[in-house]
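*Asks:* Just passing along the structure, written as structure tokens.
The values are calculated or read from the model by the stated rules, or taken from the named source; none is laboratory data. The structure displayed is predicted, hence computed values, not measured ones. Don't worry about glycine lacking a Cβ; one is built from the backbone with ideal geometry, like all the others, and counts go over all protein chains shown.
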């Protein structure tokens with residue numbers, strides 16, 4: 001029987017506020033380039049006041065992945081918490097208009113819809129400053145068996161570990177997916193995020209996760225190694241599938257069958273936001289359609305190359321057509 | 001003595017919601033290409049539900065002009081009504097971060113901050129669907145003598161005629177500017193807008209306005225002529241300065257001293273939104289800095305060429321630097 005969704009994505013529902021700044025701006029405001037830092041409402045307001053004119057665009061790591069999978073033509077759902085406000089309306093519109101099922105009830109009390117101020121430097125790196133807002137209102141009650149127990153793959157972003165209620169929601173969803181015999185997938189999200197939750201992530205990776213997504217910094221942070229190769233050595237015995245991204249070096253897929261290295265697709269980089277999210281989209285679309293791991297990695301690379309070629313972390317072209325053009329399939 | 005502002009811009013404070021669609025979408029939803037149509041809250045919600053994923057960016061005709069003047073280095077203020085909500089915060093942030101004084105008190109009751117759904121077709125034309133929202137809360141109480149009576153030029157968009165309270169606010173500002181011996185400037189905004197208020201606009205142009213901005217369609221609509229030349233013949237006896245824009249044909253500046261034609265600056269057109277607004281920005285910056293009418297038109301053309309080369313109606317580069325590069329001054 002076909003599952004309700006090929007992939008169910010779960011994450012922080014965020015509207016990005018994107019502006020170009022110089023390196024001095026990061027320094028003045030104590031930002032660490034290319035990281036995601038959580039900010040409280042007050043810090044968020046102060047940073048916004050200092051920020052140049054911006055544009056707003058729906059984001060959120062797993063939300064970007066969901067939009068990507070839909071653009072490939074996959075059936076995909078999303079779980080995440082918005083507030084019943086204007087930016088929540090924007091988030092809901094954009095993800096639904098992308099073709100993603102999104103039924104999580106908006107919070108009517110508490111903080112506003114989350115925003116992430118994304119500072120783009122001339123080197124195309126993005127530095128994210130996220131006010132979690134309504135995301136923290138996610139509770140296990142938002143996890144429905146009809147969704148979490150009925151997707152070929154449940155995909156979760158590591159950022160959800162940042163509050164106990166969000167984490168409890170993930171663990172409930174994991175249990176439902178595992179009980180239904182489906183696959184669970186985790187993105188490590190960010191090396192600082194890995195530093196915050198290393199022991200839990202190691203335990204998850206070694207005991208629950210079927211498909212792990214991480215970039216080079218994140219996998220090194222997980223195993224506290226100096227080199228990528230050492231991290232892979234530590235990871236190898238424990239993992240079903242790990243899709244490890246290395247920016248312009250492409251990706252390395254580690255599985256019980258060995259390792260596959262796939263080169264990056266060429267791109268004129270404008271804004272690296274969403275590269276990992278869209279890699280996961282292509283990979284999971286391929287995986288849930290029975291493609292080889294090499295093809296999965298290629299589909300991930302194609303989607304990542306598209307999203308870094310423009311401002312914002314959601315695809316701007318139909319990824320199914322783009323993949324057909326690039327791969328002839 | 002120096003005025004508080006070289007230019008004070010007054011208009012509908014709007015956040016644009018921008019998406020790319022095909023011509024069929026316009027047809028299905030009964031939109032008239034390249035026009036601005038007002039929509040009520042219900043129509044706005046229905047159209048939004050049908051619209052593809054979008055990005056949000058501050059807009060509003062006179063707001064775009066104000067941001068442009070600031071980018072040239074001019075001193076500029078803005079009057080327009082937002083609601084005290086998230087999109088109002090976005091609008092206020094963006095215009096202030098651009099360097100524009102904006103002190104109009106946000107409405108705490110009534111409709112939300114105005115949005116305009118901008119549908120971009122593959123021919124780079126924009127079709128705008130505006131829900132006026134909080135804009136209709138603008139009243140003459142928002143017009144302060146310290147602003148409206150202390151700007152070298154008061155610049156107003158024709159769209160403000162759409163409600164009696166907005167219009168009364170403009171007329172109060174006009175009176176203050178004229179009483180102070182300053183210049184008043186009007187943009188005709190849109191040919192449908194001209195159709196709605198032709199008699200009032202003709203009266204204003206002939207009796208109050210010092211600097212008129214219009215594109216070819218608008219000036220033909222004002223005088224109900226078939227050709228641009230006939231419209232100019234009817235306009236000529238009544239006008240101090242009229243800056244008439246003709247897209248790729250450039251602009252024609254009509255004044256008591258005769259007519260000047262200035263060619264368009266080359267541009268790779270992506271999104272025509274804001275072309276007229278930014279032309280006005282460059283022209284008024286030049287005018288309030290004592291430049292020749294020909295230079296004013298060139299500065300307008302440079303700003304218009306920049307804004308149509310990307311998505312959104314606010315400049316993305318420093319226009320002062322761009323003008324220096326293009327004109328050597």
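*Asks:* If you go through the stretch A:56-66, how many residues are under 12 Å from the mean Cα position of the chain (by Cα) and within 12 Å of chain B (Cβ to nearest Cβ)?
*Replies:* First pass over the stretch A:56-66, keeping only residues under 12 Å from the mean Cα position of the chain (by Cα): A:59-66.
Filter once more, so that each one left must be within 12 Å of chain B (Cβ to nearest Cβ): A:59, A:63-64, A:66.
Number of matching residues: 4.
*Asks:* Among the residues that make up the stretch A:153-163, is at least one of them away from every other protein chain (no Cβ under 14 Å), under 16 Å from the mean Cα position of the chain (by Cα), within 19 Å of residue A:74 (Cβ to Cβ) and free of Cβ contacts under 8 Å to residues at least 40 places away in the same chain? If you could, list the steps in order and put the result at the bottom.
*Replies:* Filtering the stretch A:153-163 down to residues away from every other protein chain (no Cβ under 14 Å) leaves A:153-163.
Then keep just the ones that are under 16 Å from the mean Cα position of the chain (by Cα); that gives A:153-162.
Keeping just the survivors that are within 19 Å of residue A:74 (Cβ to Cβ) gives A:153-157.
The next check asks that each one be free of Cβ contacts under 8 Å to residues at least 40 places away in the same chain; those that pass are none.
No: the stretch A:153-163 contains no residue that is away from every other protein chain (no Cβ under 14 Å), under 16 Å from the mean Cα position of the chain (by Cα), within 19 Å of residue A:74 (Cβ to Cβ) and free of Cβ contacts under 8 Å to residues at least 40 places away in the same chain.
*Asks:* When you scan the stretch A:135-152, do you find a residue that is touching a residue at least 24 places away in the same chain (Cβ under 8 Å) and more than 30 Å from residue A:207 (Cα to Cα), even just one?
*Replies:* No, every residue in the stretch A:135-152 fails to be touching a residue at least 24 places away in the same chain (Cβ under 8 Å) and more than 30 Å from residue A:207 (Cα to Cα).
*Asks:* Also, quick follow-up: Condition check: surrounded by fewer than 24 Cβ atoms within 10 Å (Cβ to Cβ), within 22 Å of the chain's Cα centre (by Cα) and more than 20 Å from residue A:19 (Cα to Cα). Does residue B:104 satisfy that?
*Replies:* Details: surrounded by fewer than 24 Cβ atoms within 10 Å (Cβ to Cβ): yes; within 22 Å of the chain's Cα centre (by Cα): yes; more than 20 Å from residue A:19 (Cα to Cα): yes.
Here the answer is yes, as residue B:104 does meet what is asked.
*Asks:* If you check residue B:45 against the conditions, is it more than 10 Å from chain A (Cβ to nearest Cβ) and either crowded, with 24+ Cβ neighbours inside 10 Å or more than 17 Å from residue B:126 (Cβ to Cβ) (or both)?
*Replies:* no
*Asks:* Among the numbered criteria (1) over 16 Å from the mean Cα position of the chain (by Cα); (2) more than 14 Å from chain A (Cβ to nearest Cβ); (3) within 30 Å of residue B:248 (Cα to Cα), which one does residue B:150 miss?
*Replies:* (3)
*Asks:* Here is a follow-up. Just wondering, is there one or more residues in the stretch B:67-78 that are more than 27 Å from residue A:52 (Cβ to Cβ), in contact with a strand residue (DSSP E or B) (Cβ under 7 Å, 6 or more places away or on another chain) and either within 14 Å of chain A (Cβ to nearest Cβ) or touching a residue at least 24 places away in the same chain (Cβ under 8 Å) (or both)? Reasoning before the result, please.
*Replies:* Filtering the stretch B:67-78 for residues more than 27 Å from residue A:52 (Cβ to Cβ) gives none.
No: the stretch B:67-78 contains no residue that is more than 27 Å from residue A:52 (Cβ to Cβ), in contact with a strand residue (DSSP E or B) (Cβ under 7 Å, 6 or more places away or on another chain) and either within 14 Å of chain A (Cβ to nearest Cβ) or touching a residue at least 24 places away in the same chain (Cβ under 8 Å) (or both).
*Asks:* In contact with a helix residue (DSSP H, G or I) (Cβ under 7 Å, 6 or more places away or on another chain), closer than 16 Å to residue B:74 by Cα and at pLDDT 95 or above: is that true of residue B:318 in this structure?
*Replies:* yes
*Asks:* Another question, then. Only one of (1) within 23 Å of residue A:215 (Cα to Cα); (2) in contact with a helix residue (DSSP H, G or I) (Cβ under 8 Å, 6 or more places away or on another chain) is not met by residue A:110, so which one is it?
*Replies:* With respect to (1) within 23 Å of residue A:215 (Cα to Cα); (2) in contact with a helix residue (DSSP H, G or I) (Cβ under 8 Å, 6 or more places away or on another chain), residue A:110 is out only on (1).
*Asks:* Is there a residue being in contact with a strand residue (DSSP E or B) (Cβ under 9 Å, 6 or more places away or on another chain), within 30 Å of residue A:248 (Cβ to Cβ) and surrounded by fewer than 18 Cβ atoms within 10 Å (Cβ to Cβ) anywhere in the stretch A:160-172?
*Replies:* Looking for residues that are in contact with a strand residue (DSSP E or B) (Cβ under 9 Å, 6 or more places away or on another chain), within 30 Å of residue A:248 (Cβ to Cβ) and surrounded by fewer than 18 Cβ atoms within 10 Å (Cβ to Cβ), one finds none in the stretch A:160-172, hence no.
*Asks:* Restricting to the stretch B:44-58, what's the tally of residues that are part of a helix (DSSP H, G or I) and either in contact with a strand residue (DSSP E or B) (Cβ under 8 Å, 6 or more places away or on another chain) or at pLDDT below 95 (or both)?
*Replies:* Kept after step one, since they are part of a helix (DSSP H, G or I), are these residues of the stretch B:44-58: B:44-50.
Still in the list and also either in contact with a strand residue (DSSP E or B) (Cβ under 8 Å, 6 or more places away or on another chain) or at pLDDT below 95 (or both): B:44, B:47-48.
Adding up the residues that qualify gives 3.
*Asks:* For the stretch A:79-90, which residues satisfy the criterion of being within 12 Å of chain B (Cβ to nearest Cβ) and surrounded by 17 or more Cβ atoms within 10 Å (Cβ to Cβ)?
*Replies:* Within the stretch A:79-90, A:82, A:83, A:85, A:86, A:87, A:88, A:89, A:90 meet the criteria.
*Asks:* Ok, one more. Determine whether the stretch B:13-36 contains at least one residue that is more than 9 Å from chain A (Cβ to nearest Cβ), in contact with a helix residue (DSSP H, G or I) (Cβ under 9 Å, 6 or more places away or on another chain) and crowded, with 24+ Cβ neighbours inside 10 Å.
*Replies:* Yes, the stretch B:13-36 contains a residue that is more than 9 Å from chain A (Cβ to nearest Cβ), in contact with a helix residue (DSSP H, G or I) (Cβ under 9 Å, 6 or more places away or on another chain) and crowded, with 24+ Cβ neighbours inside 10 Å.
*Asks:* Give me a count of the residues in the stretch A:28-42 that are free of Cβ contacts under 8 Å to residues at least 60 places away in the same chain and in a helix (DSSP H, G or I).
*Replies:* Final tally of qualifying residues: 2.
*Asks:* Just a yes or no: is a residue in the stretch B:91-100 surrounded by fewer than 20 Cβ atoms within 10 Å (Cβ to Cβ), in contact with a helix residue (DSSP H, G or I) (Cβ under 8 Å, 6 or more places away or on another chain) and more than 9 Å from chain A (Cβ to nearest Cβ)?
*Replies:* Yes, the stretch B:91-100 contains a residue that is surrounded by fewer than 20 Cβ atoms within 10 Å (Cβ to Cβ), in contact with a helix residue (DSSP H, G or I) (Cβ under 8 Å, 6 or more places away or on another chain) and more than 9 Å from chain A (Cβ to nearest Cβ).
*Asks:* Now a separate question. Please state which of the following conditions residue A:238 fails to meet, knowing it meets all the rest: (1) under 13 Å from residue A:212 (Cα atoms); (2) surrounded by fewer than 24 Cβ atoms within 10 Å (Cβ to Cβ); (3) touching a strand residue (DSSP E or B) at 6+ places or on another chain (Cβ under 8 Å).
*Replies:* So the condition that residue A:238 fails would be (3).
*Asks:* Against the condition surrounded by 24 or more Cβ atoms within 10 Å (Cβ to Cβ), within 14 Å of the chain's Cα centre (by Cα) and closer than 26 Å to residue B:58 by Cα, how does residue B:187 come out, does it pass?
*Replies:* In short, yes.
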